[in-house]
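Since the structure comes first, as structure tokens, the remarks are kept for the end.
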Amino acid sequence: MVFALDEALRVISVYEPPASPRVAVPVHAATGCAITEAPRGINYNRYSFDENGILQTALIVPPTSQNQKRIEEDLWKFLLPYTSLPAEGLTRRSEQLIRSYDPCISCATHFLRVNVERE
């Protein structure tokens with residue numbers, strides 16, 4: 001920690017701002033792809049721009065959508081011992097499992113609605 005703080009102070013002391021805050025980029029039609037790693041899995045992105053630099057298409061495949069089928073299958077198995085719980089309890093248990101796949105969902109409110117039909 002001490003080294004990190006000393007290094008930060010050193011970097012700040014020798015920093016010289018660049019002549020320009022940005023670099024001019026010529027605009028042309030292009031498509032770009034990226035794959036990045038997130039704590040919950042791999043994130044795939046593809047963007048296409050026209051000759052004016054206007055976004056034409058964007059494809060974002062987050063880890064949650066890649067895991068969707070597995071999450072649903074695991075919910076069926078995970079919830080079997082809890083079927084006697086009221087809807088609120090089933091919702092809480094479901095959220096626990098879903099967040100084990102994607103902790104970022106916990107930032108979203110009311111992302112899950114559980115409807116219980118009993119015979």
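We did not get these values from a lab; they are worked out from the coordinates using the rules stated. Everything quoted here is computed from the prediction, not taken from an experiment. Don't worry about glycine lacking a Cβ; one is built from the backbone with ideal geometry, like all the others, and counts go over all protein chains shown.
Below are the figures for this structure:
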quantity: Mean Cβ count within 10 Å, highest first, over the residues of peptides 26-33, 87-94; calculated: 87-94, 26-33
quantity: P(r) tail fraction, the chain - alpha-carbon pairs more than 25 Å apart, %; calculated: 58 percent
quantity: CD proxy at 222 nm, helix term only [per DSSP H run n ≥ 4: -39500 (n - 2.57); per residue of the chain; nearest 500]; calculated: -12500 deg cm²/dmol
quantity: Against the rule of thumb 2.2 N^0.38 Å, how large the Cα Rg of region 64-107 comes out; calculated: 1.14
quantity: Contact order relative to length of the chain, as percent, for alpha carbon pairs under 8 angstrom and 6 or more apart; calculated: 15 percent
quantity: Positive-end residue of Asn52, Thr83, Ala29, charge dipole of the chain with Cβ unit charges; calculated: Thr83
quantity: Dipole magnitude of region 1-90, debye to nearest 20 (Cβ charges: Lys/Arg +1, Asp/Glu -1, about Cα centre); calculated: 160 debye
